[in-house]
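Quick notes on the structure that follows.
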């Protein structure tokens, strides 16, 4: 890989990581309801990619389901989790999407797991459990459970995406935005009364965060990532995207003073090592999963 392209990939990972920080600030510190924030973000994505919406790829029902899982389902759950969890913990727990995707690929696509990927799956789960562990017992916050649910939604969508052919990246982005906005807007109106007023009170910081998340992170960084995937082998690109959780942890500690003791360090090391082992092994859906998971952060 050329130094220029490595720099581009590092920038993409930094943008994905910074989105964790921006999203945490919006939903936790500014008090913007997470479903409302997700709906506005996907409205931005849908508007930016509207020229690529048609013609609609087939099968239509699968495209809509995949777009909703990878978009509204994965991202909204992540934002709900970020409301009460630290970005560092979220970055580690999100790595569960990697082994979940592998296990779903075995079930749905008939992939085979050999001992190396089995070891990676075990290490990733052990790392996540270490982050959740409390000396007095297991302390699993509701926020982190939402993150796990979001990882599962994104993983399921990634596996189902392999069963759809001929969808270009920007076209898929357009359908993710379109399919995610409407249900999220309705859910927000139902479950988050006063969300529009809160967004208006927050004002420009909320607007700028939504534009940054939708345009720069989701559309811009994701497009660059797919250009690099087309230029290099996926098993070279995919492990390097693990710079994203590392950068998220560093930014979380630096900006929000996330606690990072020995237990967190050990859990992070285990989870990221496991994810790296899985990513290094050739498989059908990992490049797509890593793109979706990191873009959501």
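The values are calculated or read from the model by the stated rules, or taken from the named source; none is laboratory data. Predicted, not measured: the structure shown is a model, and the values here were computed from it. Here the Cβ positions follow ideal geometry from the backbone for every residue, glycine too, while neighbour counts run over all protein chains shown.
Observations on the structure shown:
A quick yes/no check of all residues on (1) part of a helix (DSSP H, G or I); (2) surrounded by fewer than 21 Cβ atoms within 10 Å (Cβ to Cβ); (3) at pLDDT below 70; (4) out of contact with any strand residue (DSSP E or B) (no Cβ under 7 Å at 6 or more places or on another chain):
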position	(1), (2), (3), (4)
209	yes, no, no, yes
215	yes, yes, no, yes
235	yes, yes, yes, yes
239	yes, yes, no, yes
272	yes, no, no, yes
279	yes, no, no, yes
295	yes, no, yes, yes
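- Test: residue in region 183-205 that is over 17 Å from residue 35 (Cβ atoms) and surrounded by 14 or more Cβ atoms within 10 Å (Cβ to Cβ): yes
- Some residue of region 166-177 being in contact (Cβ under 8 Å) with a residue 24 or more places away in the chain, surrounded by 18 or more Cβ atoms within 10 Å (Cβ to Cβ), more than 18 Å from the chain's Cα centre (by Cα) and in a helix (DSSP H, G or I): yes
- Test: residue in region 86-106 that is surrounded by fewer than 22 Cβ atoms within 10 Å (Cβ to Cβ), farther than 24 Å from residue 39 by Cα, modelled with pLDDT of 80 or more and touching a helix residue (DSSP H, G or I) at 6+ places or on another chain (Cβ under 6 Å): yes
- All of 119, 145, 129 fail the test of being surrounded by fewer than 18 Cβ atoms within 10 Å (Cβ to Cβ), closer than 30 Å to residue 261 by Cβ and under 15 Å from the mean Cα position of the chain (by Cα), apart from 145.
- Considering (1) buried (at least 19 other Cβ atoms within 10 Å of the Cβ); (2) modelled with pLDDT of 85 or more; (3) closer than 30 Å to residue 123 by Cα, the lone condition that residue 222 does not fulfil carries the number (2).
- Unique residue being part of a helix (DSSP H, G or I), touching a helix residue (DSSP H, G or I) at 6+ places or on another chain (Cβ under 6 Å) and free of Cβ contacts under 8 Å to residues at least 60 places away in the same chain when the list is 22, 44, 66, 27: 27
- Pair list, Cβ < 9 Å and 6+ apart or interchain, from region 107-121 residues that are touching a residue at least 12 places away in the same chain (Cβ under 8 Å) to residues that are exposed (fewer than 14 other Cβ atoms within 10 Å of the Cβ): 108/163; 109/163
- When region 184-207 is limited to residues that are part of a loop (DSSP other than H, G, I, E, B) and free of Cβ contacts under 8 Å to residues at least 24 places away in the same chain, the one that is nearest to residue 65 (Cα to Cα) turns out to be 193.
- Matching option when the condition is within 19 Å of the chain's Cα centre (by Cα) and under 19 Å from residue 152 (Cβ atoms), among 85, 18: 85
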